[in-house]
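The block underneath contains the structure these notes are about, expressed in structure tokens.
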Amino acid sequence: MTQRNEMELVFDSRSVNEGFARVAVAAFLTQLNPTLEEVSDVKTAVSEAVTNAIIHGYEKEIQKIYIRCRLTEDTLYIEVEDKGKGIEDIPKAMEPLFTTKPELERSGMGFSFMEAFMDEIRVESNPGEGTIVKMQKTIGKGRELWTTQSL
């Protein structure tokens, strides 16, 4: 029987809610018994996606951010969505060091961090309609190998 569980969060696009979002997703993830490193990876990726929605999607307007999470077997699926301005050129936006907000001292590494810490990331966006960042991570990957080798 396939283990499956889902949750959804909706919150205001205020920077103070970024910490809430990352902790809520991490708490949901704990049912898969992740390592501290796996929890940290997921929290970092969620933080980057939420921060992008706040800074780039809504540009200081207070609107809603939507996070949907699903667990299926040993894989966590996350969607972070905003209904903001959207992304004109997704490949360009995903390039390391690219930022549309250099005056805010943005590093342009948000998508790079998401790609580094998650197994898969996809971005869907339409200008004027918003953006959905879809990420997934399999929990426990390589753990069996580590246990076997350490014996």
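Structure data summary
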quantity: Fraction of accessible area attributable to carbon and sulfur, the range 1-96 (%, probe 1.4 Å); calculated: 49
quantity: At 0.890 mPa s and 25 °C, Stokes D of the range 1-59 from Kirkwood alpha-carbon radius, µm² per second; calculated: 198
quantity: Under 5 Å, built H, 5+ apart or other chain: amide partners of Asp119; calculated: Gln136, Lys137, Thr138
quantity: Kirkwood Rh in Å, taken over all unlike Cα pairs in the range 1-103; calculated: 14.7
quantity: Sparse-neighbour loop sites [trypsin sites (Lys or Arg not before Pro); the range 58-97; at most 11 other C-beta within 10 Å; DSSP]; calculated: Lys60
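The values are calculated or read from the model by the stated rules, or taken from the named source; none is laboratory data. Just so we're clear, the structure is a prediction, and the values are computed from it rather than from any experiment. Heads up, the Cβs are rebuilt from the backbone with ideal geometry, glycines too, and the neighbour counts pull from every protein chain shown. Note: accessible area is taken over every heavy atom of the protein model, side chains too, but ligands, DNA and RNA are not part of it. Shrake-Rupley method; radii C 1.70, N 1.55, O 1.52, S 1.80 Å.
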